[in-house]
Structure formats: structure tokens, C-alpha cells
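Each remark here refers to the structure printed beneath this line.
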Ligand code: GLY
């Protein structure tokens, strides 16, 4: 069987690792991710470097290599309709169509879906596409001295959301930021203004064929750049799961309620004629007053996918086939009850400044000896055991799994200490409850 991964991040490296266990892996990437490149080489596949949003080129590559099933797992390609392009070329693809992915690339649409399926799970919110609407939205949502959050409606690479407190001085500055987004015409040229909620967060990486959905352990991620949740938001500096799939702040009834909201969101999309397969990554706040939906992503989270793939003890290619044929069932997705920890190592400038390429070293054997494994992201190979960052992003992830959180965390940090050298940075305070 031939499978295709589209994308080049740590998430695609984790998915590709599972796909390569039972198929010949082919890859269409923006840069030569070292993990994916060596999986392709080891299974007799082929790589094409190109624009991961170029559906026509990806479909041609897939047809040329007789791909049986493809996996499209990043936000921009999904929003660009890469699944639609593959389907039109007769290639089965896991991932929502552009219409299905609207739940992620249009936050206004997403809030209206929640209003329909679980109105009590929306925070106070308003949409604004003009400067006047932005002023009115901040005034309405911020009434009574409530701090607000401003979210561009469109995709912004995880860097568009700004919160009064950590990122914006007050609601006046929030209004200015909202007007700036609207005036720029970028990221959808409109915003959602929401009340700021201070409560613990978790995510669910729900795996679906559009009708049946499998719910794995809840995941906890660390979006802020520096220890103690300081600094700007990022794509995620690391993440963890606990044995049993819950957290000290999350009980089984609340988790089940969240799963119900996710199932209803997928049901809504399907009933509306929007194809949705793959993963819905749903984020929630647990407030004293019930659950609130933070957002829906139309694909696995990165790094959360690395946790789920590290716990997955089955045949991922079989799961992909079940997703595209509408035959997914729980038994196909065996997940260990272990804890899992992911720590991302990033370029020093990540999320704070423009940067340059940095070289670093990775010793797979020492990392394995420490009880962990490594997955590359924005990095390329420059020689045996030597790598270079690509852009200013997350370069490489260390992943560990163990029967409880402490040993998994210790293994991940031990692996970094013995196995990775060079100019990278990482958070040192992850996976502690
Ligand atoms: N970890 C957040 C995301 O994948 O968008």
C-alpha cells in the first residue's frame, strides 16, 4: 500500500511514523523534514518539495505514485482545499474538505456552530468587520470591566489571538488591535471579540470518519513561549496526557460533556453536507460555571498529535482507510493508558524576533537510551547527526511515554540533556500538576 503525508511539521512526522509502519510512505513537504525523509527512504517511497497548499501539484504527485490514501493534517492546506483537489483526482484523502475545515478557518462560522449546538458553551462574543463594529463589540463584550480577547476570524499561524493582560494593556488597546486587523484586510479582515476567561484548558483530539468518532485521552498543551506561561503565544511548546485521560481539574462527566459537543459539531458539519474526516482538535475551558469552547481545529493539534500517536498501539494506515470509507470503530484505535510528554525545542528567536538558521546535533541512540524518541519539525539535515533550523520555528520534539507522568517527563528532559546539543531553547517547567 502507498500512503501520502502532506506537510512537514512534528505532527506530520508523528503521523508519518505510524503510516510508515505498514505502508510505503510518500511525502509532499515544504522542506525536507529529516524524520519524514528517512521514513520515506526506508519504505521505498518518494519525496516532492513544494507548496503544501498547491492542491493541483499534490494531486498530480499522488496520482503519479498510485497513492491509496493520503493524510492532510495542517490548517493552511486544508483551508486551501487540498483534500478537495485530491478527491477530484480520485485519491482518497483523510481530512476535511475546505467546506468542512471552515470550522477552523472562519472563527465567525465556528462561533455560530456552537450557538446552534451548545449555546451555553460560548463565551460572551461579538463579530466585527468594520472599525465601528469593532468599537461596539469591545464595548459590549467588555461591559462591566470585563477584559476581552481579540481573534482574527481567519488563520494567522497561531499568532493572531491577543488577550488583554498578557498581550494587550487594556480594552482600548484591544479595540486598536481589532481595528488594525480589520484595516489590514489580513487573516480574514474581521475579528471575533470574546470575554477573557481565566480557567484551566484542555483539548480533545477526536478522530472521526464523519459519522463515528473515537475520543482519546484529553491533552494539555503549553502555548506560551517561556516558563511560567510568560511571553507570547506560540504554536505550542509542549503537551502531555495523563493515565486515564483526565486532569486534576477535569472530571469524567465534564470530559464526556465536551466529547458530546465535539460529536455534535461533527454531526452539524456532516448534516450540512460538509465532509469532515480525520481529527477535530477541540479546545475547552473548565469554568466554575461549566464548559466553554475555546476553538475548533479541523486537524490534529501540534504538539498534541505527538502525544496521541505515541499512545497509539494499532495500525494507523487501517485507521486512515476506515476514515475514508466511513467504517471507523473504537477497536481500530487502541490507545495505551500511559502518560505521555512532548517537549519542543525551538530556535532562540521563535515567536519573539526574526532569526537566522541555527545548527544543532541530535543523537538518536542516546535519546532512545534515555527512554524517549525524537521527531523533527522545522529543521533539515546537514550531515550525520547534524541539523539546521528552518525559519524561526519549532525545530525538534522529544516524546516520552511511561505508566505515570513523572517518569515520562523525566525521560523527556533526560533525553534532551544527553541527546541534543546546540543553540535551541525549550521550556523546563512542562508536565507538572
Ligand atoms: N497546539 C495548537 C494547535 O495545533 O493549533
- Between a first residue in segment 233-244 that is over 13 Å from residue 427 (Cβ atoms) and assigned to a strand (DSSP E or B) and a second residue that is more than 10 Å from the ligand (Cβ to nearest atom) and at pLDDT 95 or above, which pairs have beta carbons less than 6 Å apart while being 6 or more apart in sequence or on different chains? 241/217; 241/307; 241/340
- Query: So which residues in segment 219-267 are under 17 Å from the mean Cα position of the chain (by Cα) and farther than 25 Å from residue 102 by Cβ, if there are any at all?
  - Reply: 220, 222, 224, 225, 237, 238, 239, 240, 241
- Query: Do we have residue 243 as surrounded by fewer than 20 Cβ atoms within 10 Å (Cβ to Cβ), within 22 Å of residue 343 (Cβ to Cβ), at pLDDT 95 or above and in contact with a strand residue (DSSP E or B) (Cβ under 8 Å, 6 or more places away or on another chain) here?
  - Reply: yes
- Consider residue 178 against the criteria (1) within 16 Å of the ligand (Cβ to nearest atom); (2) touching a strand residue (DSSP E or B) at 6+ places or on another chain (Cβ under 6 Å); (3) free of Cβ contacts under 8 Å to residues at least 60 places away in the same chain: it satisfies all of them except one. Which criterion is unmet? (1)
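A quick yes/no check of all residues on (1) over 28 Å from the mean Cα position of the chain (by Cα); (2) over 24 Å from residue 350 (Cβ atoms); (3) without any contact (Cβ under 8 Å) to a residue 40 or more places away in the chain:
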residue	(1), (2), (3)
114	no, yes, no
117	no, yes, no
123	no, yes, no
127	no, yes, no
135	yes, yes, no
143	yes, yes, yes
146	yes, yes, no
153	no, yes, no
160	no, no, yes
- Of the criteria (1) exposed (fewer than 15 other Cβ atoms within 10 Å of the Cβ); (2) modelled with pLDDT of 95 or more, which one residue 356 fails: (2)
- Item | Those residues of segment 71-121 which are in contact with a strand residue (DSSP E or B) (Cβ under 9 Å, 6 or more places away or on another chain), outside any helix (DSSP H, G or I) and more than 15 Å from residue 265 (Cβ to Cβ), in sequence order | 71, 72, 73, 74, 91, 92, 93, 94, 95
- Item | Odd one out for residue 62, checked against (1) crowded, with 24+ Cβ neighbours inside 10 Å; (2) more than 20 Å from residue 316 (Cα to Cα) | (2)
- Go through (1) under 18 Å from residue 292 (Cβ atoms); (2) in contact with a strand residue (DSSP E or B) (Cβ under 7 Å, 6 or more places away or on another chain); (3) surrounded by fewer than 22 Cβ atoms within 10 Å (Cβ to Cβ) one by one and return the number of the condition residue 165 breaks. (2)
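Only one residue in 197, 204 is at pLDDT 95 or above and under 28 Å from residue 140 (Cβ atoms). Which one?
Numbers: 204 fails: under 28 Å from residue 140 (Cβ atoms).
Residue meeting the stated conditions: 197.
Restricting to segment 228-238, give me the number of residues that are at negative phi and within 10 Å of the ligand (Cβ to nearest atom). Let's see the steps before the verdict.
Initially, segment 228-238 is screened for residues at negative phi, giving 230, 232-235, 237.
Subset that is within 10 Å of the ligand (Cβ to nearest atom): 233-235, 237.
Within segment 228-238, residues that are at negative phi and within 10 Å of the ligand (Cβ to nearest atom) number 4.
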- So which residues in segment 302-334 are farther than 20 Å from residue 210 by Cα, more than 16 Å from the ligand (Cβ to nearest atom) and outside any helix (DSSP H, G or I)? 312, 313, 314
- Message: Among the residues of segment 274-301, what is the count of those that are part of a loop (DSSP other than H, G, I, E, B) and either within 13 Å of the ligand (Cβ to nearest atom) or crowded, with 24+ Cβ neighbours inside 10 Å (or both)?
- Response: 6
- The one condition residue 349 fails out of (1) in a strand (DSSP E or B); (2) closer than 22 Å to residue 8 by Cβ is (1)
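The values are calculated or read from the model by the stated rules, or taken from the named source; none is laboratory data. Model, not experiment: these values are computed from the prediction. All Cβ positions, glycine included, derive from the backbone under ideal geometry; neighbour counts span all protein chains shown.
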